[in-house]
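Q: The structure is given below, and queries will be raised subsequently.
The values are calculated or read from the model by the stated rules, or taken from the named source; none is laboratory data. None of the values given here were measured: they were computed from a predicted structure. Every residue, glycine among them, receives a Cβ derived from its backbone with ideal geometry; neighbour counts consider all protein chains shown. With ligands, DNA and RNA removed, areas are computed over all heavy atoms of the protein, side chains included. Shrake-Rupley method; radii C 1.70, N 1.55, O 1.52, S 1.80 Å.
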Amino acid sequence: MTVRSVGALSLTVMIFGLASGAQRASPAQRAADRLYSGAALYKTYCAACHGPEAKGNGPMASTLKIPPADLTRIAARSGGTFPLMRIQRIISGEEERRGHGAMPAWGPVFSEVGRDQDLGRVRIDNLALYLRDIQAK
């Protein structure tokens, strides 16, 4: 067996091991992923208005007086830099969006995670990071 084939075999075994480990996530881990994953939070709290692709075209968009923003263009509207801290403040309700309409401030909802208020902050941060990661290139 050559060094190259041993390396390829090792890589294959490693990838298979990671994939099979991911499939064996415990029910508790899967529940935690749903509670704290930025993508899952977006799907649960934002997609109805902003759409599954975050383009502002969710199923509820047509019922709103002010159309939802295309969340994939936040960085473009901010001079090319994603304003992470500002987005975190908007999500939490610490900063209002003038002219935005009735977007809920999710801070209080996210903070109702058992007794640990810090977990609410984790959810806000994960959602903001998810929005950062889906910005149009």
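Q: Since GLY58 meets every condition but one in (1) out of contact with any Leu (no Cβ under 9 Å at 6 or more places or on another chain); (2) at pLDDT below 95; (3) crowded, with 16+ Cβ neighbours inside 10 Å, which condition does it not meet?
A: For GLY58, the exception is condition (2).
Q: Oh, and also: With the checklist (1) at pLDDT 90 or above; (2) open to solvent by 70 Å² or more (accessible area, probe 1.4 Å); (3) acidic (Asp, Glu) in hand, flag the one item GLU96 doesn't pass.
A: Here GLU96 clears every test but (1).
Q: Quick one: would you say ALA48 is open to solvent by 30 Å² or more (accessible area, probe 1.4 Å) and in contact (Cβ under 8 Å) with a residue 60 or more places away in the chain?
A: Values: open to solvent by 30 Å² or more (accessible area, probe 1.4 Å): yes; in contact (Cβ under 8 Å) with a residue 60 or more places away in the chain: no.
When the stated conditions are applied, ALA48 does not pass them.
Q: While we're on this one: Applying the selection to the range 61-83, what residues are open to solvent by 50 Å² or more (accessible area, probe 1.4 Å) and under 18 Å from ALA136 (Cα atoms)?
A: Let us first name the residues in the range 61-83 that are open to solvent by 50 Å² or more (accessible area, probe 1.4 Å), namely 62-67, 73, 76-77, 79-81.
Hits for the range 61-83 are ARG73, ALA76, ARG77, GLY79, GLY80, THR81.
Q: Next up: Across the range 45-73, which residue is farthest from the chain's Cα centre (by Cα) among those that are among the aliphatic types (A, V, I, L, M) and under 24 Å from LEU35 (Cβ atoms)? I'd like the intermediate steps shown before the answer.
A: First pass over the range 45-73, keeping only residues among the aliphatic types (A, V, I, L, M): 47-48, 54, 60-61, 64, 66, 69, 71.
Next, only the ones that are under 24 Å from LEU35 (Cβ atoms) stay: 47-48, 54, 60, 71.
Values: ALA47: 11, ALA48: 14, ALA54: 10, MET60: 19, LEU71: 11 Å.
For the range 45-73, the residue satisfying everything is MET60.
Q: Within the range 20-44, which residues are open to solvent by less than 60 Å² (accessible area, probe 1.4 Å) and either modelled with pLDDT of 70 or more or touching a strand residue (DSSP E or B) at 6+ places or on another chain (Cβ under 6 Å) (or both)? Explain how you work it out, then say what you get.
A: Quick first cut of the range 20-44, residues open to solvent by less than 60 Å² (accessible area, probe 1.4 Å) only: 20-21, 25-26, 31-32, 36-42.
The answer is ALA25, SER26, TYR36, SER37, GLY38, ALA39, ALA40, LEU41, TYR42.
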